[in-house]
Amino acid sequence: MQAAGVPAGVVQTMQDVMENDPQLKEREFLVPLKHPVIGVFGHPTPPYKLLKTKAQVKTSPCLGEHTEYVCTQLLGMSDEEFIELWQQGVFK
């Protein structure tokens with residue numbers, strides 16, 4: 001298309017992005033990390049690079065992983081109240 005004068009670019013699959021794009025590979029754009037639910041997955045790194053500090057990349061949390069912490073530590077809910085609501089199925 002470009003040879004015919006039509007502005008066009010490559011549409012990359014995730015495999016292209018993860019394995020075949022030399023610019024993204026050199027910049028370490030995606031870091032493969034093991035997620036407990038979806039397995040190994042490429043997680044994006046920050047768009048900037050620091051000279052002396054390497055970016056800390058983590059997997060995303062699982063659904064409900066921090067529910068108890070949010071309810072009891074941040075919202076001030078008692079352990080008993082949290083357990084009662086949990087048993088009632090409020091957090092499902």
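Derivation of every value follows stated rules applied to the coordinates shown; laboratory data play no part. This structure is a prediction, so every number in the text was calculated from the model and none was measured. We place every Cβ from the backbone using ideal geometry, glycine too, and count neighbours over all the protein chains shown.
Taking the stated definitions as given, is residue 3 exposed (fewer than 11 other Cβ atoms within 10 Å of the Cβ), hydrophobic (A, V, I, L, M, F, W, C) and in a loop (DSSP other than H, G, I, E, B)?
It is false that residue 3 is exposed (fewer than 11 other Cβ atoms within 10 Å of the Cβ), hydrophobic (A, V, I, L, M, F, W, C) and in a loop (DSSP other than H, G, I, E, B).
For the range 42-85, how many residues are over 30 Å from residue 27 (Cα atoms) and touching a Lys or Arg at 6+ places or on another chain (Cβ under 9 Å)?
Residues meeting the conditions: 1.
In the range 18-53, what residues are surrounded by 14 or more Cβ atoms within 10 Å (Cβ to Cβ) and aromatic (Phe, Trp, Tyr)?
29, 41
Within the range 32-42, does at least one residue satisfy the condition of being touching a Leu at 6+ places or on another chain (Cβ under 8 Å), part of a strand (DSSP E or B) and not hydrophobic (A, V, I, L, M, F, W, C)?
Yes; the residues of the range 32-42 include at least one that is touching a Leu at 6+ places or on another chain (Cβ under 8 Å), part of a strand (DSSP E or B) and not hydrophobic (A, V, I, L, M, F, W, C).
For the subset of the range 50-65 comprising residues that are among the aliphatic types (A, V, I, L, M) and over 26 Å from residue 86 (Cβ atoms), which member is farthest from the chain's Cα centre (by Cα)?
Only one residue tops the list, namely 51.
Please give the number of the condition residue 72 fails out of (1) among the hydroxyl-bearing types (Ser, Thr, Tyr); (2) out of contact with any Asp or Glu (no Cβ under 8 Å at 6 or more places or on another chain); (3) not in a loop (DSSP other than H, G, I, E, B).
Among (1) among the hydroxyl-bearing types (Ser, Thr, Tyr); (2) out of contact with any Asp or Glu (no Cβ under 8 Å at 6 or more places or on another chain); (3) not in a loop (DSSP other than H, G, I, E, B), residue 72 violates only (2).
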